[in-house]
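We did not get these values from a lab; they are worked out from the coordinates using the rules stated. In this text, all values refer to a predicted model and were calculated from it rather than measured experimentally. As a convention, Cβ positions derive from the backbone with ideal geometry for all residues, glycine included, and neighbour counts pool all protein chains shown.
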Amino acid sequence: MESKKITPTILAISGSLRSPSFTEKLLDTLIEGMGEVDVHKFYPHKMKIGPCTSCYSCWVGKNKGECVQKDDFQQIYDVYKRCDYFIVAAPVYVFSYPATVKNVIDRLFINLEPSQVTMEDGLTNHPHRYSPNAKGVLVSTCGFPDMENFTLMSLHFKKLLMHMGLIWAGEVLIPSAGAANVPHLLDDNIEAVRQAGAQLVAGVISPETMHAISSVAISKVDYRDMVNASFQGGLVGKARTIAIGMKALRGKDRFKKF
């Protein structure tokens, strides 16, 4: 008798407030690469989710493990309890998460027990009410061309996963996100994101794939000039923006060699 195939469950937090959103495009591409999955995507900025008030009612109240705020966060938490993948997609906002995404992360406080225990590395943690043993992936974009701008978000996400008992399985980070406005310039990056989805199902996203995702085929100098020209506006600014974009497309294959 054949065993019934279980479809993995994805909890995806789509945190970009833009529409259309390049960050969400990366999220959707990653999920496409994962094949047959049960996707639960949430948009915190479109939901009624109050901030954690640190009232400790979920720790010491009559209804332990329940939040006194009866809002839309419960929808997210219900999926979190049973998810196989925890994916947070959010653009860099002043070197961190958008406030609506951080709000969701703060509300996960409800999943922690009040007692303090020691982890294997000697650090202090709280026991978890639910431990889905899910793989976690951060998807992010940044308008600056420097990878260093992802540092705080990346470290925070890894720290969150460690303390929630989840497994870090890689990250999808694209700097110079304004380059997405140049048609086809980021096609290879998008394809690498799709490959990352397939790798995620098999295990984790490889360092080589993460590097391919983050390698945008435009120099930092040209990118900054293109962004400045775009914000300059007018016919001169538009012409300059197009010219730099075309230059990047012409040099795309050469850029990939370095």
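Across segment 9-216, C-alpha contacts under 8 Å between residues 6 or more apart give a mean separation that, scaled by the residue count, equals a relative contact order of 24 percent.
With contributions of -39500 (n - 2.57) from each DSSP H run of at least four residues, the per-residue ellipticity at 222 nm computed over the chain stands at -12500 deg cm²/dmol. Spatially, segment 138-176 and segment 188-258 are offset by 18 Å when compared through their Cα centroids. Ranked by how many other Cβ atoms sit within 10 Å of their own Cβ, fewest first, the residues Tyr56, Tyr97 fall in the order Tyr56, Tyr97.
Structure remark: mean-square fluctuation, Gaussian network model of the chain, C-alpha springs under 10 Å; the largest value among Ser219, Ser57, Ser19 belongs to Ser19.
If each residue's Cβ is checked for other Cβ atoms within 10 Å, how do Val201, Val227 rank with the fewest at the top? List each step's numbers first, then the result.
Values: Val201 15, Val227 20.
Neighbour counts put them in this order, fewest first: Val201, Val227.
Taking other Cβ atoms within 10 Å as a rough exposure proxy, Phe42, Phe157 sort from fewest to most as Phe42, Phe157.
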